[in-house]
Amino acid sequence: MVSLILNGKPQINSVELGQTEYKKIKPTEKSIRMDIVAMTDNGTIVNIEMQCINEGSIVDRASFYQARLRTQNLNEGEDYSDLPDIISIWITGYAATSRKACFHEIVDMYKDNGVDPIEVASEKMRQFIIELPKLKNMPKHPLSEMFNIWMNFIKNPGRLPERFLEIKEGGSSYE
């Protein structure tokens, strides 16, 4: 499923599960418990969060989680360019944004400044928000049919037709 969301960027051959709990060091800090943290074979860190309750500020919360992961993965003396890529995937059971589609990718962007065009500044921190109630608003083309099948399965786990269990990832050999 993750490779469907990332569309092969990066290509994932293996994963290693990582630390999911970050306790506060100072009494005034915030503790975090993440659902899944994994490192791919190329060093990319992937954080997957399933959210049933809308606690608000999902983009800020995802950014906070990413920042915590970043601070844990750069040691004294290392260059900032050595920071690993971090990908956050937030799947919500509620409408988390005011956007109409169910699938959103957020990256750091340069805004229009009147001279330079809008462009991606960095893809070292990517955030994906998938809003399950909005699946019906998503056209079939941008995401594979298999993505839609998996998201509908997450939304309704008892409703995966058996014929879909035989499809190879990326395929659509059913009708």
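Show the residue pairs that are 6+ apart or on different chains and have beta-carbon atoms under 7 Å apart, the first residue being within segment 12-37 and without any contact (Cβ under 8 Å) to a residue 24 or more places away in the chain, the second being assigned to a strand (DSSP E or B) and basic (Lys, Arg).
What qualifies is THR20/ARG33; GLU21/ARG33.
Give just the number: which of (1) part of a loop (DSSP other than H, G, I, E, B); (2) at pLDDT below 90; (3) surrounded by 10 or more Cβ atoms within 10 Å (Cβ to Cβ); (4) charged (D, E, K, R) does LYS26 not satisfy?
Among (1) part of a loop (DSSP other than H, G, I, E, B); (2) at pLDDT below 90; (3) surrounded by 10 or more Cβ atoms within 10 Å (Cβ to Cβ); (4) charged (D, E, K, R), the lone unmet condition for LYS26 is (3).
Each row is one residue, and each column tells you yes or no for (1) over 21 Å from ILE58 (Cα atoms); (2) among the small types (Gly, Ala, Ser); (3) open to solvent by less than 90 Å² (accessible area, probe 1.4 Å).
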| residue | (1), (2), (3) |
| --- | --- |
| THR71 | no, no, no |
| ILE89 | no, no, yes |
| SER98 | no, yes, no |
| MET125 | no, no, yes |
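In segment 37-69, which residues are outside any strand (DSSP E or B), buried (at least 18 other Cβ atoms within 10 Å of the Cβ) and among the polar types (S, T, N, Q)?
THR44, GLN66
Return yes when ILE87 is on the phi < 0 side of the Ramachandran plot, part of a strand (DSSP E or B), in contact with a Lys or Arg (Cβ under 7 Å, 6 or more places away or on another chain) and hydrophobic (A, V, I, L, M, F, W, C) and no when it is not.
yes
For segment 102-117, name all the residues that are over 15 Å from the mean Cα position of the chain (by Cα) and either of a type in the set (Lys, Arg) or open to solvent by less than 30 Å² (accessible area, probe 1.4 Å) (or both). Please lay out each step first, then the result.
Step one: list which residues in segment 102-117 are over 15 Å from the mean Cα position of the chain (by Cα), which gives 109-117.
Once the filter is applied, which keeps residues that are over 15 Å from the mean Cα position of the chain (by Cα) and either of a type in the set (Lys, Arg) or open to solvent by less than 30 Å² (accessible area, probe 1.4 Å) (or both), segment 102-117 yields only LYS111.
The values are calculated or read from the model by the stated rules, or taken from the named source; none is laboratory data. Here the structure is a predicted model, which means the values were calculated and not measured. Note that each Cβ is placed from the backbone with ideal geometry, even for glycine, and that neighbours are counted across all protein chains shown. We work out accessible area using only protein heavy atoms, side chains counted, and drop any ligands, DNA or RNA first. Shrake-Rupley method; radii C 1.70, N 1.55, O 1.52, S 1.80 Å.
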